[in-house]
Amino acid sequence: MRRLIVAVSNIVFACSLLAATAACASDDMWKRIEAGGRVVLMRHALTTPGVGDPAGMRLDDCTTQRNLSEQGRAHARAIGAAFRTRGIKPERVLASPWCRCIETAQLAFGGSMPEPSLSNLFGRPENRERQVKALRTLVAAHKGPGTLVLVTHGSTIVALTGVSPDTGEMVVVAPNSGKLVVEGRLAVPER
């Protein structure tokens, strides 16, 4: 019994350390975003179930696409609220032309400009090289002073950074002499 109590105590202690570490990492990422000059790559919020896009999907018709679920819409609003609570107003917000990215940007930040280089790469490997090159140029061109937010797809973020974010998760990068430096990840809890 004593071993069980010690084991549970150790697990609780380890979990507390992990939670504190995650909170510190989160605080550090927010401070970096507040400082400006960063690019935040954000994966769109949670969608209706599925993988990829339905057959016959058209960019000009949201009814043919996988769109945000109610939970995703609430999460996008929570992300925007987290930015506003910290007094962070993005300098610019660009989004993939997919409806789920446009809606995420609208709910979180009040809108965006479409950016084709943020398009979904899932199932479109022929576009990877061209899009990654365009995204590297876009990121390298950002000099601040504020933050550039790019709302896109997980496949696109992975292709650019090697990081696979969860829905609604952000990858914070710094353009550094033309090179893209991944500084960390940031997740805003759903409310």
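Details
- Verdict on ILE88 being under 14 Å from the mean Cα position of the chain (by Cα) and hydrophobic (A, V, I, L, M, F, W, C): no
- Residues that are at pLDDT 95 or above and either closer than 17 Å to GLU169 by Cα or hydrophobic (A, V, I, L, M, F, W, C) (or both), drawn from segment 101-121: CYS101, ILE102, GLU103, THR104, ALA105, GLN106, LEU107, ALA108, PHE109, LEU118
- Being among the β-branched types (Val, Ile, Thr), surrounded by fewer than 19 Cβ atoms within 10 Å (Cβ to Cβ) and farther than 26 Å from GLY50 by Cα is not true of VAL132.
- Yes/no for THR147 being farther than 17 Å from LEU41 by Cα and β-branched (Val, Ile, Thr): no
- Filter pass, PHE122 being touching a Ser or Thr at 6+ places or on another chain (Cβ under 7 Å) and either within 20 Å of THR47 (Cβ to Cβ) or not hydrophobic (A, V, I, L, M, F, W, C) (or both): yes
Yes/no per residue for (1) more than 15 Å from the chain's Cα centre (by Cα); (2) over 17 Å from GLY146 (Cβ atoms); (3) of a type in the set (Asp, Glu); (4) part of a loop (DSSP other than H, G, I, E, B):
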| site | (1), (2), (3), (4) |
| --- | --- |
| GLY50 | yes, yes, no, yes |
| GLY72 | no, yes, no, no |
| GLY111 | yes, no, no, yes |
| ASN120 | no, yes, no, yes |
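- Looking only at residues in segment 164-181 that are at pLDDT 95 or above and either hydrophobic (A, V, I, L, M, F, W, C) or in a strand (DSSP E or B) (or both), the one that is farthest from GLU103 (Cα to Cα) is VAL173.
- Restricting GLY72, GLY52, GLY56, GLY37 to residues that are closer than 26 Å to VAL158 by Cβ, among the small types (Gly, Ala, Ser) and either at pLDDT below 50 or buried (at least 18 other Cβ atoms within 10 Å of the Cβ) (or both) narrows the list to GLY72.
- Restricted to segment 167-179, and to residues there that are in contact (Cβ under 8 Å) with a residue 60 or more places away in the chain and over 8 Å from the mean Cα position of the chain (by Cα), the residue that is surrounded by the fewest Cβ atoms within 10 Å (Cβ to Cβ) is ALA174.
- Selection status of PRO97, surrounded by fewer than 18 Cβ atoms within 10 Å (Cβ to Cβ), closer than 17 Å to SER119 by Cα and either touching a Cys at 6+ places or on another chain (Cβ under 9 Å) or at pLDDT 95 or above (or both): yes
- Taking segment 135-162 as the range and being in a loop (DSSP other than H, G, I, E, B) and in contact (Cβ under 8 Å) with a residue 60 or more places away in the chain as the test, the residues that pass are HIS142, LYS143, GLY144, PRO145, GLY146, THR147, HIS153.
The values are calculated or read from the model by the stated rules, or taken from the named source; none is laboratory data. In this text, all values refer to a predicted model and were calculated from it rather than measured experimentally. Don't worry about glycine lacking a Cβ; one is built from the backbone with ideal geometry, like all the others, and counts go over all protein chains shown.
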